[in-house]
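Here is the structure we will look at, set down as structure tokens.
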Amino acid sequence: MTSRLAVIGAGSWGTALAAGAARNGVPTVLWGRDPAAMAAMASHGENARYLPGIALPAALDYSADLAATVAEARLVLIVVPSHAFADMLVDLAPLLPSGAAVAWATKGFEPGTGRFLHELVAEHLPGRPAAVVTGPSFAREVAAGLPSAVTVLSDDAEFARQVAQVLHAPQLRAYTGSDMLGGELGGAMKNVLAVATGVADGMGLGLNARAGLITRGMNEMLRLGTALGARAETLMGLSGLGDLVLTCTGDLSRNRRLGLALGQGVAIDDAVRQIGQVVESVLTADEVMRLASKHDLDLPISAAVYSVLHGRETPSEALQRLMAREQKPEYPQGLFDRIGQG
């Protein structure tokens, strides 16, 4: 499908995906904003800041010139933080060749509006084939060639297959699907829930508490998905449950590490500074609560994370409030019958 792949964003995940495509024999160029950083990566064959110690393939090209990077691309894969996603689309719109298609591996919402990223793509890059790449995949493990799986979701089944083919490799299985909204919801909301499990573990609350938070967090994801029209199989698959379990239990997760620090009494600004990379949950919690309010939903775990991140409650106070909630059925009647009917 592609004679040239342009990966936009030279953080850990963008670098890992670009390296994988290059190893697959796809001519690939990785773009980053910092010319000095890109020159260093080209010289040393390593992303020393984000993926230290992992050798990148000799076939991978590097650039800090956005126009030149996309000039001959047939597929552009955007991997920038969600807060920078809309601005990147604005920058790309006048530069993309007429035949170039777009995919993204960014997780989150548009800050301030709660809009999904596929909505932004449709607005800024109308008419182009579009797909989201998501799933339970720590960048460092993918870059190191450890077994992993992602899913590629698009309204265009053939385009989803083509993008998956670019990424699919012996150690990276790439599945396909069509529920872009469900995939984006799972990929964004799991970051908020990972903070909750991190806080619980930081407070030493035990494995039972972690399992309960993951399961009840899945309940919140399903209920919000019901309101938005997501499909149950998407949220119970790689991009929902799979990503939720990984992010809530794996210490490579920045969002889980933020929760661990908060649970140990570290101030949020200090915790974010110690992590040293973008922590998506800080903005995503705001947008999850915006969507919950819009659809009149009670999402107690997400609300507790929001409250802690904004300094309205301490982790202990939020836990006490969660445990004091009234007894109720585990799932609302008919939830699994309603989900996906929107």
One computes Rg over Rh for segment 5-178 from alpha-carbon atoms, with the Kirkwood Rh, and obtains 0.93
Given GluC sites (Glu not before Pro), DSSP loops and at most 11 other Cβ atoms within 10 Å, the longest exposed-site-free stretch of the chain is 1-325
Expressed in angstrom and ordered largest first, the alpha-carbon extents of segment 86-125 along the principal axes are 30, 16, 13
Segment 207-232 and segment 51-77 have their Cα centres apart by a whole-number Å value of 37
Taking max minus min of the Cα coordinates of segment 181-324 on each principal axis, largest first, gives extents in Å of 38, 30, 28
Inter-part gap, Cα centre of segment 276-299 to Cα centre of segment 147-198, in whole angstrom, is 20
Comparing Val305, Val266, Val80 in a Gaussian network model of the chain (Cα, 10 Å), the one with the largest mean-square fluctuation is Val266
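So for segment 118-240, considering every pair of alpha-carbon atoms, how many percent are separated by more than 17 Å? All intermediate terms of the calculation are to be shown ahead of the outcome.
Working: 4671 of 7503 pairs.
Pairs farther apart than 17 Å: 62 percent.
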Taking protein heavy atoms only, a 1.4 Å probe, and rounding to whole percent, the accessible area of the chain owed to carbon and sulfur comes out at 52
Expressed per residue, the solvent accessible area of segment 240-342 in Å² (1.4 Å probe) is about 54
For Lys328, the aspartates and glutamates lying under 15 Å Cα to Cα, once residues fewer than eight places off in the same chain are dropped, come out as Glu220, Asp298
Residues meeting the amide H criterion for Thr28 (H placed from the backbone, H to H distance under 5 Å, 5 or more places apart or on another chain) are Leu5, Asp61
For Lys107, the aspartates and glutamates lying under 17 Å Cα to Cα, once residues fewer than eight places off in the same chain are dropped, come out as Asp87, Glu119, Asp179, Glu184, Asp243, Glu280, Asp286, Glu287
Going residue by residue through segment 190-207, the Karplus relation 6.51 cos²θ - 1.76 cosθ + 1.60 with θ = phi - 60° gives ³J(HN,Hα) values, rounded to whole Hz and with x marking Gly or Pro, of 4, 5, 5, 5, 5, 4, 4, 5, x, 4, 4, 5, x, 7, x, 7, x, 6
Mean 1/r over distinct Cα pairs of the chain, inverted to a Kirkwood Rh in Å, yields 20.3
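How much space per residue, in cubic angstrom, does the convex hull of the C-alpha atoms of segment 122-193 take up?
Values: hull volume 7.4 nm³, N = 72.
Dividing the Cα hull volume of segment 122-193 by its residue count gives 102 Å³.
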Cα convex hull volume per residue for segment 260-336, in Å³, equals 121
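Relative contact order (percent) for the chain, with alpha-carbon contacts under 8 angstrom and 6 or more residues of separation?
On the way: 670 pairs, mean separation 49.8, N = 342.
Relative contact order comes out at 15 percent.
The values are calculated or read from the model by the stated rules, or taken from the named source; none is laboratory data. Just so you know, these numbers come straight off a predicted model, no measurement behind them. Cβ coordinates were reconstructed from backbone atoms using ideal geometry, including for glycine residues, and neighbour counts include every protein chain displayed. For the accessible areas, the whole protein counts, side chains as well, though only heavy atoms, and no ligand, DNA or RNA atoms are used. Shrake-Rupley method; radii C 1.70, N 1.55, O 1.52, S 1.80 Å.
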